[in-house]
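This report refers to the structure that appears directly beneath it.
The values are calculated or read from the model by the stated rules, or taken from the named source; none is laboratory data. Just so it is clear, the model here is predicted, and its values are computed rather than measured. No Cβ is skipped: glycine too gets one built from the backbone with ideal geometry, and neighbour counts run over all protein chains shown.
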Amino acid sequence: MTENMDFRKMLREAINERCHLLPEDSGKAVIAQFGMKVPSGKRVTSFREARRVASELGYPLVVKAMAPDLIHKSDRGAVKVGVESHSVLRKAMGELRNLFPGVPLLLEKMVAPGVELITGLIDDGHFGPCLMIGMGGFLTELFQDVNFLMLPAKRGEVLEALMDLKGFKLLSGFRGRPAYDIDQTVDAIMGLARFGEEAAGYYESVDINPLIVNERGAIAVDVKILLNPTFVAPSCEELSVDTRSLDRFFSPRSVVVIGASATTGKSGNVVIRNILANGYAGKVYLVNPKAGEILGLPVQPSIADLPEGVDLAIIVLPSKETPQALRDCAARDIRQIVLLAGGFAEVDEYGEEIQHETIQIIREKGLRVIGPNTSGHTSTPYQFTSSLFPLGKIRRGKVSFLAQTGNFATHTMRYILTGEHFGVSRVIGLGNKVDIEESEALEYLGNDPETNAIIMYLESIERPKRFLEIARKVTRRKPVVMLKGGITEAGKKAAVAHTAAMALEDRLVDGMLRQAGIVRVREYTHLILAAKAFSMNPLPKGNRVSFLTPSGAMLVTLSDLCISLGLEVPELEEETRQRLQDISPPFIRMRNPVDIWAAATVRGVEFGYREGMEAVLKDPNIDAVVPVLMLTRETGIPSYNFILELAKKYPEKPILVTFSAEKRYMEECKEFLEPRGIPTFPEIEQPFEVLSILYRCTKSMNRPR
């Protein structure tokens, strides 16, 4: 691939010569070494030489002025296109020489029209080398229809990012236009991706705009490589993670609360009450200088007075006392620690100093730490929690939460325990992430037999490359859903190139999550709704949904909603449609979605919904069913047992229930169905939003390798 050119030497020499923009012909020579097609061309300095080159290349031609660091040639009048004869060539060269005296010119064979894409690279300070793919030409700035991928990128990921563009239809024969070879387009982009990896550190950004896709393949018409004047070789990040040291956080044989308190309501007291309320079977030790007894447990005056062999320490002390407590724990060989206190780098400079000291101690002593500034963690298979919020007994489930917030160990968990009917397996509140961060925690949960699905909330990703590699593996085995907070333009550079200008932090995160197979959500509530669905439903095999409503307006609006969410509302098989017609009055024409109220009115609410649901559940064109139950005393309240029977009879198809009408019956329905494994949703749009999330998880888990 690179045997014909020492491209690194070329780039290094250009940087040493204080060249910011690599000359275009040099840039094209470089990317051609990676399999990208470029127009035939040559530099010239005289008209005589230009005539000879023109005769070799053949008209029509493009003529470009090669002024140093001229980023946007078209804006400066440095490009002449459609040059079709020697006389026109002479005129074009004269005009360019007047504008750019003494500058060599580049003659190139003009590329036949086609679909214009843009592709490029940016070497981001946090995410590393990233690849951009988008619609090119003037559409780049007008619509910014672009996707980003971290490098290295797999071929399937590049294809998915290309197909995800709104303008992708232009490549596949839109409105009678020719369809172009998608494989050749992906080949070209993969060549740029390989260059992006091998040349990491040498460039700030690369723009290929346009990359014209026509009958000959994908051709890089304009190439800009902006060099990095402060070249630094990329570091090799260690990707392997040993998560065995996390086991004692989730299955501790003994635990000590350091900073235990006898005062009701204080964190050091709430932690103890939560441990006892969950029936933790291991030994519980308490440390407080006053000694004595708290909640029936003896209290040691210092860490030094603890017996040997304590697995886990929960430190509930002010931040300024934390460093010494860590040293004392290390001296007693307590190496797994949860730091609940705040007052570290999230507060002020003094807190930042304490956090720095804390990190040094952790590294020197070989400690493993969750936090600080966390609300705790939970492990229901071991009947244990370190939460500092009054929770009481936490229900066991098969969904785990990994969050850069304490909400899922505090008030959000309290809501789940009191307002929902599902439980959790593990909860990890990362806090300030001085040691254990999301990559290691994700790998642990990915290997955890007690975790079937993972819900994440993150505001930052410490090691994107490490996180990506781990997530790629985990998401093939388990669904992972994430809400990313803190979306800002902080990562945007004041750049002159399209790629860098559009590389906002959120776009880079979006691309990374797509590659990782993580399903991104945009609403906090969806984290809870998705957890409920994962706890009670199988994943749908596809995106084809049927719903039964008592309202024509709902049929219309919910069909529109399905399409906007990437769900299909397909035609039913004739046998299914006929069954629906049989249970309905003759004046209504049955189809999908199902207007069920006529059948419910004539034959009874339970009969109408039961027979209608079974008909669509049987249909091979349907992957999931949503009944919208109308519940009033006057029209009749079904027993709901029929929904349980149908779920048992068709276990591979999710049933998500929503309702309308009288609130108390809606609440009764929820109280009956959810403890028995059928999720319900108070807002009619919610089951469809959740189905979209579940389907995206199915699609992600089965994505091409």
(request) State whether one or more residues within the stretch 292-301 are among the hydrophobic types (A, V, I, L, M, F, W, C), at pLDDT 95 or above, out of contact with any Pro (no Cβ under 6 Å at 6 or more places or on another chain) and under 23 Å from Leu367 (Cα atoms). (result) no
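Residues checked against (1) crowded, with 19+ Cβ neighbours inside 10 Å; (2) among the basic types (Lys, Arg):
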residue	(1), (2)
Phe642	no, no
Arg676	no, yes
Gln686	yes, no
Leu691	yes, no
Asn702	no, no
(request) Name the helices (runs of 4 or more DSSP H) wholly inside the stretch 521-613 in which the number of residues that are under 23 Å from Pro651 (Cα atoms) is 2 or more. (result) 524-536, 574-582
(request) Return yes or no: is Val88 over 25 Å from Pro229 (Cα atoms) and either in contact with an Asp or Glu (Cβ under 7 Å, 6 or more places away or on another chain) or outside the structural domain of Asp207 (by TED's automatic domain parsing) (or both)? (result) yes
(request) Give Glu645, Glu652, Glu689, Glu685 a once-over and let me know the one that is in the same structural domain as Ser564 (by TED's automatic domain parsing), more than 30 Å from Gly517 (Cα to Cα) and modelled with pLDDT of 95 or more. (result) Glu645
(request) Report, ordered by the first and then the second residue, all pairs with beta carbons closer than 6 Å, sequence separation of six or more or different chains, a first member in the stretch 85-110 that is within 14 Å of Lys73 (Cα to Cα), and a second member that is of a type in the set (Lys, Arg) and surrounded by fewer than 13 Cβ atoms within 10 Å (Cβ to Cβ). (result) none
(message) Can you go through Leu567, Leu580, Leu572, Leu561 and tell me which one is of a type in the set (A, V, I, L, M) and either in contact with a Cys (Cβ under 6 Å, 6 or more places away or on another chain) or over 26 Å from Leu694 (Cα atoms) (or both)?
(response) Leu580
(request) Would you kindly identify the strands (runs of 3 or more DSSP E) lying entirely within the stretch 170-277 that contain at least 2 residues that are among the acidic types (Asp, Glu) and under 25 Å from Val79 (Cβ atoms)? (result) 203-214
(request) Give the stretch 160-183 a look and list any residue that's crowded, with 16+ Cβ neighbours inside 10 Å and without any contact (Cβ under 8 Å) to a residue 60 or more places away in the chain, or say none. (result) Leu162, Leu165, Gly167, Phe168, Leu170, Leu171, Ile182
(message) Here is a list: Arg363, Arg426, Arg368. Which entry is touching a residue at least 12 places away in the same chain (Cβ under 8 Å), surrounded by fewer than 24 Cβ atoms within 10 Å (Cβ to Cβ) and of a type outside the set (A, V, I, L, M, F, W, C)?
(response) Arg368
(request) Read through the list (1) of a type in the set (Phe, Trp, Tyr); (2) free of Cβ contacts under 8 Å to residues at least 40 places away in the same chain; (3) surrounded by 19 or more Cβ atoms within 10 Å (Cβ to Cβ), then give the number of the only condition that Phe607 fails. (result) (3)
(request) Any chance you could count how many residues in the stretch 647-668 are farther than 11 Å from Pro538 by Cα, touching a helix residue (DSSP H, G or I) at 6+ places or on another chain (Cβ under 9 Å), free of Cβ contacts under 8 Å to residues at least 40 places away in the same chain and not aromatic (Phe, Trp, Tyr)? (result) 3
(request) Scan the stretch 187-202 for residues that are farther than 12 Å from Leu151 by Cβ and out of contact with any Lys or Arg (no Cβ under 8 Å at 6 or more places or on another chain) and report the count. (result) 3
(message) Is it the case, given these coordinates, that Ala304 is at negative phi, part of a helix (DSSP H, G or I) and in contact with a helix residue (DSSP H, G or I) (Cβ under 8 Å, 6 or more places away or on another chain)?
(response) yes
(request) Filter the stretch 557-586 down to residues that are closer than 26 Å to Gly604 by Cβ, under 34 Å from the mean Cα position of the chain (by Cα) and surrounded by fewer than 19 Cβ atoms within 10 Å (Cβ to Cβ), then give me how many there are. (result) 0
(request) Name, by its number, the condition in (1) surrounded by 15 or more Cβ atoms within 10 Å (Cβ to Cβ); (2) at pLDDT below 95 that does not hold for Val602. (result) (1)
(message) Looking at Arg610, Arg603, can you tell me which residue is in the same structural domain as Leu691 (by TED's automatic domain parsing), of a type in the set (Lys, Arg) and more than 42 Å from the chain's Cα centre (by Cα)?
(response) Arg603
(request) Please work out which one of (1) out of contact with any Leu (no Cβ under 7 Å at 6 or more places or on another chain); (2) buried (at least 21 other Cβ atoms within 10 Å of the Cβ) is the condition Thr680 fails and give its number. (result) (1)
(message) For the stretch 50-70: of the residues being surrounded by fewer than 13 Cβ atoms within 10 Å (Cβ to Cβ) and within 45 Å of the chain's Cα centre (by Cα), which is farthest from Asn209 (Cα to Cα)?
(response) Pro68
(request) Return only the number of the condition from (1) over 30 Å from Ile71 (Cβ atoms); (2) in contact (Cβ under 8 Å) with a residue 60 or more places away in the chain; (3) not assigned by TED's automatic domain parsing to the domain that holds Arg177 that Pro234 does not satisfy. (result) (1)
(message) Can you find a residue that is acidic (Asp, Glu) and out of contact with any helix residue (DSSP H, G or I) (no Cβ under 9 Å at 6 or more places or on another chain) anywhere in the stretch 163-177?
(response) no
(request) Identify, from the list Lys73, Lys80, the residue that is buried (at least 16 other Cβ atoms within 10 Å of the Cβ), under 26 Å from Tyr202 (Cβ atoms) and of a type in the set (Lys, Arg). (result) Lys73
(request) Kindly check whether there is at least one residue in the stretch 103-110 that is in a loop (DSSP other than H, G, I, E, B) and surrounded by 21 or more Cβ atoms within 10 Å (Cβ to Cβ). (result) no
